[in-house]
Structures are given as structure tokens and as C-alpha cells.
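Each remark here refers to the structure printed beneath this line.
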Amino acid sequence: MISTVATAEKPAVAVLNVDGMMCAGCVQTVETQLLQCDGVAVATVNLVTKAAAVQYKAGVVAPEQLAEVLTEAGFPSELRQGENLGHWAKQQQEEQQGQSWRLAIALTLLIFSIIGHLNHIGTPENRFVIPVLNTLWFHFALATLTLTVPARSILQDGWIGIRRIRPNMNTLVSIGALSAYLASVVALAFPQLGWECFFDEPVMLLSFILLGRTLEERARFRATAALRSLIALQPNNARLIAGAGQTVDVPISQIQVGDLLQVLPGDKIPVDGQIETGQTSVDESMVTGESLLVTKQPGDQVIGGTLNQSGLITVQVQRTGAESTLAQMIQLVESAQTRKAPIQGLADILSGYFTYGILTLALFTFLFWYGAGLTIWPEAAQAALHSHHGHMGHMGHQMVDTSRFLVSLKLAIAVVVIACPCALGLATPMAILVGSGIGAQRGLLVRGGDVLEQLHQLDTIIFDKTGTLTTGTPWVTDCISYDPTLNENDLLQLAASVEQGTRHPLAAAILTAAAQRQLPLHDVIDSVTQPGLGVMATWQDNTVYLGNETWLAKANIFTDIAQPDITTLAPQGKTLVYVAVEEHLVGVIAVADRPRSEAKTVIQQLQNKNLTVQLLSGDRPDAVNHIALELAIPAAKGQMTPADKVQAIEKLQQAGHHVGFVGDGINDAPALAQADVAIAMHSGTEIAMETADIVLMRDQLTDVLAALDLGRSTFNKIRQNLAWAFGYNLVCIPLAAGALLPKFGIALSPGFAGGFMAFSSIGVVLNSLLLRWQLRERT
């Protein structure tokens, strides 16, 4: 993948690997830092993939400078190198190796903190007590060890956020943990104050955070399985054919265009190329999603990363490195996971102010309960302490006074740690990560989250005809003989014999039809081709003419006998090839491009989804109308220039419609660019695929339905995640602030508040992973 691409017309693009991001607030900070740099036009940051895609003006700023800016801002960054495909996915795989230890540490700390809480439950006579673990000095040592070793990075990052006046989620956690720890240290050092020591609270808080992040990373790792499987398709070595037929194993990076490679049965095809010798069957399911084996013979194209199943073949290299199909797929998937859906915009705006708002709310909570709350509801102090720290007996006025600061502090800490900007930041990118990965596995290359959202909004689908709704290849549909001595096969055999030396799509159709019927070809001589008219040759001392009506008119051959058939076949969009021997017309062969086998079913299912379907084509109106009638498309227009197609799409958009366009040719590129969502067939031209928002790798129209289903399912999952993230904060923050304390006596300790916060993020991740199961159920 090329990490920087510069052209005269377009800004350069760089992808940076960015570490240190913990929540949506961090994402907002990184984007702000990048956009403040001169020469940066667009910056999009993804929390899940830890990547920043930047469009910048080459010559004004270099991507290495942007990486330095982020590093100085507390987010260590580096330019993603072109040869390192799927960098972050590989990095995640390496990070998994230390997760077992992190999980064990988090669980151990959580167990100790729970035991600490159990030591406070009940009356002194019936408490669950482990003598060694019931000493304040043990809990002091455990809390100190937790803060200085496993949670050290959290505290360091939180301090950096405070120092740079850019508080993040780690800042909130650090403030909560250190506040509880320092208050307990004061209580331990000055017992005459009558404060309670709660060293187990910061331990529980941090253990929940560490446990939650470890489980979250594991879930994220599962979500990247699709991209890692694409990366794994790339072989490390290739068998290069040297002189005298000798083969040498060389690293894939040393292969160049034009090299000849030998591929044995059972080997992966190293790079994109063309088969020079040999025949085989190739499993392309890893790249295209097509489960059936594809037969390949000399002249056929093969894709790097696919599996050679049966035969020994020689392949001439055509594309390597970043130009290969596999590399472009990986680049598209990574790009899709970096781009944002517009629905994430509100969450990003709120996340930028979230931390400041929570700190303000925590301060207000402390001041309220310390100043007025516990005066109005003195019993709330006993309820707050009793809810998680056992039976305190009858609390007199003195006890309430000494506990006022403690209760107010614990409620303020609970507010700080229960708030979760992380869930807001993960809501969209996690769903896009899973959705785009599933799409890649199924042969759908989606360029970004914004595309998935646009798919959800489409109400009109416009198709091109040739190569999209049709196969793009002419086929013989009718053979009509006017000579009683020639039957249908005789006529086709004669026409194919005359055409065997020509290079024309109609000739190819006639030769293919003859081969399918296993008709041997006659020997002909003196073959002469007249471009745009036809061909003539000598067969058994007779001159045979094959071509259009003008060609026969030049030879003074009349076609009146075929007029009834012309009247019938021409309106169907069929091209007529006239066959004459000497001065007599002996038959007509009709050739047409036929619809794809799945086209009618796809159109019907789109209409069942309440989508309006139209057909716009540059082909003849009669051919377009015939295809539209056959496929039950109510609106169709022929002889449409590329500009006409663009105007038709603009008109629909101005009327409030969201338009998707499906095409494959060079002439479709302007319409693809104009449409809200551009879908290109993989068999189409490169410019069509470059313009497209979605590329159908399997080259099947049914994948248009699959793409719509993927877009709608992913968008629904994003909405669910955002609803959960907003709903969680709206409910849990007032709960942590003590909203239910006066009437119901319900309060959350800082430790349990941290647990809620940690598992709110896990909920977003797991809900996104459910997308795999939901889409699997529909297939």
C-alpha cells in the first residue's frame, strides 16, 4: 500500500499510526492538532485502528512533520510505510501475546479488592474476615503497588492530559483513583480525623479498568480477523524461473513485472499475472468470496493470494506490491475503517467537551453534598457508607460531621469514574470495523463508514446496461435459414467458417456458438474483411458474404426475404448478421448481449425493498427497452451520453432522492462520481473501480443486494451503539451523583462505578461483533 500519493490535481494522502488514544476526546484532540498544521486539508482519525488519514499539500508540510507534532502532543506517531501492509492489524496480533498476563493481573487485583469489600460487610461478629487481608497496611500496600505498577501508564497519560490542558478518559480515572487513595492515606496517617480508609476502592476501580480494557482489546482483535486473513494470503516467497528452466525461491519483494513464476498445485499464486503455460483450477474464495473453483488456461488472469488447486502453471507477473489486487483490497479495507460515518459527528462534538463537563459536574456534586445535601438528608451519609461498607451502627451528629467530607468525596469520585467518553468514541468505528471486514470476506470492498451510511439512505438504484445488467459479451440468439438445403446448424457452420480469421465481437459470438454445438469448420480461402461492413471468402468455389445490410447492398444482394424477421428481431435490440452465397441471401444470424442470469431476481428484490430501479445506457433505445422489458424495469433510457447520465442523476438528487449507480465502463465514471453511492463491477475498467465507493469483487449483481444489506445492518448497529453510549451516561452519571440516595438509599462506590464504566465500552464492542452473527443468519 502506498502511504503517500501526490498528484498535481489531488492533495497528497498520508496514513499515520497513532498511539496513546483512549477515547473520543483523544480522537478530537488528534484531529485538531493535525488540522492546525499548515497545509493539512482533511484529517480523519480512527480510535479502533489507531490510524490517522491526512490529506495535505505536498511541499507545504511533510507527513514526518505531522507525526512529530502528534508525538510532541503526547500521541506517539509514525508514518505508515508502504511495504508494511496491515500494520496495525499485525501490531494487534503482537500485542495479544501479553494479554494473558494483563488479564491475570487484573483478575488478581479485582479478587483482592472484592475481599476488601467483604471484610466490611455485616456486623463485626459475622463479617467475612481473612486476618492477613484485613489490615489497613496490607490494603495500603496493595493500593500503592497497583498505582505504581499495572496502572502506572494510566496515571502517566492522565497527568499528560492535565499538563497539556487536554484531559481524557485516563485523566478522569486518575483523578478518581488518586483522590480515593490520598483521602485514605490521610485517614491512615491521621486517625483522629475519624475518616474511613477505603484503599480497596482505587484497587477495584483500576482493576475493573484494566480488566475491561483487556477484554475490549480481545474483542477488537476478533473484529480485525477479516483484515488479518487478507494479509495472511500474501505468500512470503515465489518460485522464479531462471535460465534453462531452473527455478529459484526468492522473496516476494524482489519479484518484478515481467518475471516468469512457476506455481505448483497446492501453492498460493504469489502475485497478479497472466498464465503463460498450463491449465488449472483456482480457488479465489479468499479474495472474491466465490466458493466455486475457477478454471484457468493460458491467457487467463490470476490474482495473487489465490490458491492453485490442480495443475502446474507458469505465470507472467503483471502487478506487484501496492499495485496488486490483494494490496489494493487491504488498502481499501483500511481506508474504509479510517473514514467516519456522518452520524458520528454529534458524538465527536460532544466528546470534545465531555471531560470538562464531567469534571465540572463532579465538583458540583462534591459542593452540593458537602454544603447542603447532607444537611438536608443527614441519613444519606449512613446510606452511602452502608451501601458498600457494611453496618456502621447508630451514627450520631459527630459521625455525620466527620463523614461529610468522605461521603461528598466518594460521590464526586464516582461521577468522575463512571462517565465513559470511550463508549461514544467506539460506537461508530467498531461497527464500521466489523462491517467492512465482513464485506471484504464476502467480496464487497467498501471505501468507508460514510459509504455505509449512504447505503442506508438510498431510495433509487440506477443501472448501466452493457457489462452490468448484461454479460457484456455478444451471444447468438437466432439462426434463420432461407435456403431449404441449409438447416440452422449448416448456416451457423458456414458463418463460423468465414469468420474464423477475423477479430470482431460478432465474429467471436458466432465462433463460440459453433464451438458449443461442436460444429467443425470448413476450409475457406481468399478471406477479405471490410471494417464496419463485413467479410467475404470463397468456399467450394462460391463467394460467401457475411455482414450488415450495407455490405450486402454493395454486392447487389437483396434482403427483402428477411424483412419480416428484421421487423421482429430489430426492436429486440438484436444485431443482424446477413449470410449470402453468391447473389442469394441464405440466412440471418441474430446476435445480442443477454442479461446476467441473476439480473431479473436482483431487480425484483430491489423493488421489494421499495427501491426505485432505473436503466440508463448509451446503447440503442430498442436494445435498452428490450432489456428493461425483460427485466421488468419500469424506467429506461437509451443513447445516453456520460453527460446525460450525470444530468439525470442530478435531477433526481435535486428532487430529494438518494441515488446509487451501478456501472463498469469508462463512460460510467462521471455518473459513478455524481451518484451518492457508486458501485462498480470488478470486471469493469480501472477508472470505474477507482471512482466507485463499493467494488463487487465477485462480479455478481446479487452483491448489490448484499451491499445494501451490509450498509443497513451496519448503520443500525451504529445507531444502537450510540443509543447505548448516550443512554448509559444519561442514566449512570445521575446515579453516581447520588440522585437516588435521599429517597432509596442507593449509591455507587467508586470501585463499582469504575466497573460500570469499563463494561460500558465492552458492551459497544460486543454489540458490534453481533453484526457477524446477524449477517450470517441472513445468508
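The values are calculated or read from the model by the stated rules, or taken from the named source; none is laboratory data. Owing to the predicted nature of the structure, the values given are computational and were not obtained by experimental measurement. Cβ atoms come from the backbone with ideal geometry, glycine included; neighbour counts cover every protein chain shown. Quick note on the areas: whole protein, heavy atoms, side chains included, nothing else; ligands and nucleic acids left out. Shrake-Rupley method; radii C 1.70, N 1.55, O 1.52, S 1.80 Å.
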Look at R719 and say whether it is charged (D, E, K, R), in a helix (DSSP H, G or I) and either touching a residue at least 24 places away in the same chain (Cβ under 8 Å) or in contact with a Phe, Trp or Tyr (Cβ under 8 Å, 6 or more places away or on another chain) (or both). yes
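Conditions (1) in contact with a helix residue (DSSP H, G or I) (Cβ under 7 Å, 6 or more places away or on another chain); (2) open to solvent by 10 Å² or more (accessible area, probe 1.4 Å); (3) modelled with pLDDT of 80 or more, marked per residue:
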position	(1), (2), (3)
G396	no, yes, no
D401	no, yes, no
F405	yes, yes, yes
L411	yes, no, yes
P421	yes, no, no
L424	yes, no, no
V434	yes, no, yes
L444	yes, no, yes
R447	yes, yes, no
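Examine the range 748-770 for a residue that is under 15 Å from the mean Cα position of the chain (by Cα) and in a helix (DSSP H, G or I), and state whether such a residue exists.
Checking the range 748-770: at least one residue is under 15 Å from the mean Cα position of the chain (by Cα) and in a helix (DSSP H, G or I).
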Looking at A706, A680, which is the one that is part of a helix (DSSP H, G or I) and in contact with a strand residue (DSSP E or B) (Cβ under 8 Å, 6 or more places away or on another chain)? A706
Would you confirm whether any residue within the range 6-15 is touching a helix residue (DSSP H, G or I) at 6+ places or on another chain (Cβ under 8 Å) and either under 30 Å from T214 (Cβ atoms) or modelled with pLDDT under 80 (or both)? yes
Determine whether the range 688-703 contains at least one residue that is open to solvent by less than 10 Å² (accessible area, probe 1.4 Å), under 23 Å from V602 (Cα atoms) and in a helix (DSSP H, G or I). yes
When every residue in the range 445-487 that is within 29 Å of the chain's Cα centre (by Cα) and in a loop (DSSP other than H, G, I, E, B) is compared, the one farthest from A562 (Cα to Cα) is G448
Qualifying residues in the range 452-469 (those that are modelled with pLDDT under 85 and surrounded by fewer than 24 Cβ atoms within 10 Å (Cβ to Cβ)) - the one farthest from F759 (Cα to Cα): T466
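Listed here are the residues, each with its yes/no results for (1) modelled with pLDDT under 90; (2) open to solvent by less than 50 Å² (accessible area, probe 1.4 Å); (3) not hydroxyl-bearing (S, T, Y).
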{"residue": "T512", "(1), (2), (3)": "no, no, no"}
{"residue": "G534", "(1), (2), (3)": "yes, yes, yes"}
{"residue": "L552", "(1), (2), (3)": "no, yes, yes"}
{"residue": "F558", "(1), (2), (3)": "no, no, yes"}
{"residue": "V579", "(1), (2), (3)": "no, yes, yes"}
{"residue": "G587", "(1), (2), (3)": "no, yes, yes"}
Just to verify a result, which residue in the range 514-532, among those that are free of Cβ contacts under 8 Å to residues at least 24 places away in the same chain and small (G, A, S), is least open to solvent (accessible area, probe 1.4 Å)? A514
Which condition number does Y578 fail, the rest of (1) outside any strand (DSSP E or B); (2) hydroxyl-bearing (S, T, Y); (3) within 30 Å of A507 (Cβ to Cβ) being met? (1)
Being of a type in the set (G, A, S), open to solvent by 50 Å² or more (accessible area, probe 1.4 Å) and closer than 15 Å to D593 by Cα is the filter here, so list the residues in the range 618-648 that pass it. none
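Inspect the range 597-608 for any residue being in a helix (DSSP H, G or I) and within 15 Å of T466 (Cβ to Cβ) and give the result as yes or no.
Here is the first cut: in the range 597-608, the residues in a helix (DSSP H, G or I) are 599-608.
Now drop any that are not within 15 Å of T466 (Cβ to Cβ), which leaves 599.
Checked against the condition, which is being in a helix (DSSP H, G or I) and within 15 Å of T466 (Cβ to Cβ), the range 597-608 yields at least one hit.
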In the list T375, T360, T365, T355, which residue meets the criterion of being among the polar types (S, T, N, Q), outside any loop (DSSP other than H, G, I, E, B), in contact with a Cys (Cβ under 9 Å, 6 or more places away or on another chain) and modelled with pLDDT of 75 or more? T355
Considering only residues that are among the aliphatic types (A, V, I, L, M), under 17 Å from P571 (Cα atoms) and not in a helix (DSSP H, G or I), which ones fall in the range 616-632? A632
Check the range 678-694 and report whether any residue there is closer than 30 Å to I762 by Cβ, in contact with a helix residue (DSSP H, G or I) (Cβ under 8 Å, 6 or more places away or on another chain) and either of a type in the set (S, T, N, Q) or at pLDDT below 85 (or both). no
Within the range 159-184, take every residue that is outside any helix (DSSP H, G or I) and out of contact with any helix residue (DSSP H, G or I) (no Cβ under 6 Å at 6 or more places or on another chain) and give me the one that is most open to solvent (accessible area, probe 1.4 Å). I165
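In the range 19-40, which residues are at pLDDT below 80 and in contact with an Asp or Glu (Cβ under 8 Å, 6 or more places away or on another chain)?
Once the filter is applied, which keeps residues that are at pLDDT below 80 and in contact with an Asp or Glu (Cβ under 8 Å, 6 or more places away or on another chain), the range 19-40 yields M22, A24.
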Based on this model, can you work out whether N548 counts as within 55 Å of the chain's Cα centre (by Cα) and of a type in the set (S, T, N, Q)? yes
